[in-house]
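Take a look at the structure below.
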Amino acid sequence: MARIGMKAERQNQILSALEMKGEMSLQELMTAFNCSEATVRRDLEELEQSGNVIRRVGGGAMYVKPASVYEVPFIEKQHVLYPEKLEIARLAASLVQEGDVIGLTGGTTTFLISQQLKHRKNITVVTNAVNIAMELSENSDLQVVLTGGVLRNKSFELCGPLAEQTVNAVNINTMFMGIDGFTTSGVSTYSELEANIARMLMRRADKTIAVFDHTKIGRASLFTVAQLEELYGCITDEQPSDALVNALKEAGTSLYVAESE
């Protein structure tokens, strides 16, 4: 019984360590818990099979953040991690050139991108987000194309068949896409409607860049929007785990990390 208790305590400590660090190698776990490689492998296998939020990766394990089943409305999250999202937005805006046609899905980070672009000239912005269109409407030197559709009041995004008809008629150079989850399996979001319109915007774009803060890393939301190889790049505020960086390299997807001033 004592041996079982020690094992359970060690596994709980492994979970806590992975949650804190995000990812650890077998060697790091062996050193941290003073046990053999075989013991660590058994612990990781049991933890993964028991439904805990870890995933074994080559030579170690990573903590997979559980996705919330509650979609936080735009109004509630627009000031969360504002400095980090602002740096992401600035980096994204720096990739936009005069004469570009860009796409912006809804989201707090993409809204900040629109604020960075609102005083620019000779740029066309295609968006399905009402608040982004309104933010850009003050500048007559910008052309804004707003899709039709049914309004989702939590995100201010227009979705559905009307939105899709508009998207099918446009051509976009670069699409900046807000997402709710980023894992080795791809990028994802809470809403099926938003996932559908984002996929359609991607198909009309020469390249798509996902923009997201570090809380989305390692989290999978309900509906997959795209696999990593379908993305041109990702912009975030923290370096992802080695497993995710390697997955991006294998997919040929560029990684941009916005540095705080």
> Can you tell me which residues in segment 205-224 are open to solvent by 10 Å² or more (accessible area, probe 1.4 Å) and either modelled with pLDDT of 95 or more or under 9 Å from V187 (Cβ atoms) (or both)?
Replying inline: A205, D206, K207, K216, S221, T224
> Are any residues in segment 5-31 within 17 Å of S241 (Cβ to Cβ) and either aliphatic (A, V, I, L, M) or more than 29 Å from the chain's Cα centre (by Cα) (or both), and if so, which ones?
Replying inline: I14, L15, A17, L18, M20, M24, L26, Q27, L29
> Only one residue in I4, I75 is open to solvent by 60 Å² or more (accessible area, probe 1.4 Å), at pLDDT below 90 and closer than 30 Å to T174 by Cβ, so which one is that?
Replying inline: I75
> Is there any pair linking a residue in segment 224-252 that is of a type in the set (S, T, Y) to one that is in a loop (DSSP other than H, G, I, E, B), with Cβ under 6 Å and at least six apart or on different chains, and which?
Replying inline: T236/F212; S241/G22
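Taking helices (runs of 4 or more DSSP H) that fall entirely within segment 87-191, which contain at least 2 residues that are free of Cβ contacts under 8 Å to residues at least 24 places away in the same chain and more than 22 Å from the chain's Cα centre (by Cα)? Can you show your working first?
Values: elements: 108-117, 130-136, 161-167.
Output list reads 130-136, 161-167.
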> What are the residues in segment 242-261 that are open to solvent by 30 Å² or more (accessible area, probe 1.4 Å) and of a type in the set (G, A, S), if any?
Replying inline: G252, S254, S260
>> Of all residues being in a helix (DSSP H, G or I) and hydroxyl-bearing (S, T, Y) in segment 7-55, which is least open to solvent (accessible area, probe 1.4 Å)? Just the residue, please.
In response: T39
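The values are calculated or read from the model by the stated rules, or taken from the named source; none is laboratory data. No experiment lies behind these values; they were computed from the predicted model shown. Here the Cβ is made from the backbone with ideal geometry for all residues, glycine too, and neighbour counts use every protein chain on show. Side chains included, ligands, DNA and RNA excluded: accessible areas come from the protein's heavy atoms. Shrake-Rupley method; radii C 1.70, N 1.55, O 1.52, S 1.80 Å.
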